[in-house]
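Structure, as structure tokens:
The values are calculated or read from the model by the stated rules, or taken from the named source; none is laboratory data. From a predicted model like this one, the values you see are computed outputs, not experimental measurements. Every residue, glycine among them, receives a Cβ derived from its backbone with ideal geometry; neighbour counts consider all protein chains shown.
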């Protein structure tokens, strides 16, 4: 048995132990598809940025079959890997990756595919996820789209190396893939701030769309049942997952604020708003659309596009907050927290979505319940 085969089996054992893999078809796919073929070059974290690692380097194969997300591109620049390899670690923001296998397994199982289903994947990336789909359904039923032509070409080549030939297209995933057919399933392996109407229009009524919401606060996995035209209804899933955003749906980073501020005490820790494990985080995001967060040491800054801002810091066992701009963001947070408690402290799995073209809302418990516009 080769090292790669042994490591694939170990990865499947990890996914089983984590409780994210149940379907025998997907177990077979993860055991069989060689992930290392799609990751000949990766970036690994270094103290001063990102270092380059490639096939043959010590530890490369073990890292490829780890349960971690693996970065393959920085700043949309395919030349950065070479610079990191020969000039040393480079700074940069990840813009393409091979996702955590656990999140991939969750989304593939939530897709609920059956033999004969035609699937559209948005976000080809390395091509590994497309290979898993091809193993399950056959190449002729898999269509995959990515906005980066270089990534698409590389993925097509690597898929071919292991005997798969899905339809690979370089295009804007927000427009789907209008191939003149309807899809039974749409899987988006990048995140979106709202559901592109094109996906709904290209999905068979009753078909499923699985994606992640790209929200600085309160994102997460969703599964949507497509209706007629650009309509659909779905649920936010209990298991969370975050992806790099679709290029057209990326947030612009906010600049840190300078100068002295006036602090006041607060009882609410920032983790309640910004940490994925917090039950309040999803509800907080509904009240803070467009707000971005930046952490530095014991201090976190939230900034809204209208110029409103707040800083939150921990001093010993106590918390302090300062705010400014046209609105008082922390007052919004505190009010939302009280409302959330009055509603029974709902977690993300009590929320759903109703979609009608550009008119998209998130609701609590039922479509007739309390609702909020789906905004970035």
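Structure notes:
- Selection count, segment 13-28, where residues are buried (at least 20 other Cβ atoms within 10 Å of the Cβ) and in a helix (DSSP H, G or I): 2
- Residue in segment 31-46 that is modelled with pLDDT under 95 and out of contact with any strand residue (DSSP E or B) (no Cβ under 8 Å at 6 or more places or on another chain) present: yes
- Within segment 191-216, the residues that satisfy the criterion of being touching a helix residue (DSSP H, G or I) at 6+ places or on another chain (Cβ under 6 Å) and surrounded by 20 or more Cβ atoms within 10 Å (Cβ to Cβ) are 192, 193, 196, 209, 210, 214, 215.
- Tallying residues that are outside any strand (DSSP E or B) and modelled with pLDDT of 95 or more within segment 347-365 yields 2.
- Against the criterion of being assigned to a loop (DSSP other than H, G, I, E, B), at pLDDT 90 or above and under 17 Å from residue 322 (Cα atoms), residue 269 qualifies.
- Reported count of residues in segment 321-360, each being closer than 24 Å to residue 294 by Cβ, surrounded by fewer than 16 Cβ atoms within 10 Å (Cβ to Cβ) and touching a strand residue (DSSP E or B) at 6+ places or on another chain (Cβ under 9 Å), is 4.
- Test for residue 112: is it assigned to a loop (DSSP other than H, G, I, E, B) and modelled with pLDDT of 95 or more: yes
- Residue count for segment 76-109, restricted to those that are within 19 Å of residue 54 (Cβ to Cβ), in a loop (DSSP other than H, G, I, E, B) and free of Cβ contacts under 8 Å to residues at least 24 places away in the same chain: 1
- Residue match in segment 142-154 (condition: surrounded by fewer than 20 Cβ atoms within 10 Å (Cβ to Cβ), farther than 21 Å from residue 201 by Cβ and touching a strand residue (DSSP E or B) at 6+ places or on another chain (Cβ under 6 Å)): yes
- Screening 158, 136 for residues that are crowded, with 21+ Cβ neighbours inside 10 Å and in contact with a helix residue (DSSP H, G or I) (Cβ under 8 Å, 6 or more places away or on another chain) leaves exactly one candidate, 136.
- Selection of segment 45-59 for residues being touching a residue at least 24 places away in the same chain (Cβ under 8 Å) and either closer than 17 Å to residue 96 by Cα or buried (at least 17 other Cβ atoms within 10 Å of the Cβ) (or both) yields 49, 50, 51, 52, 54.
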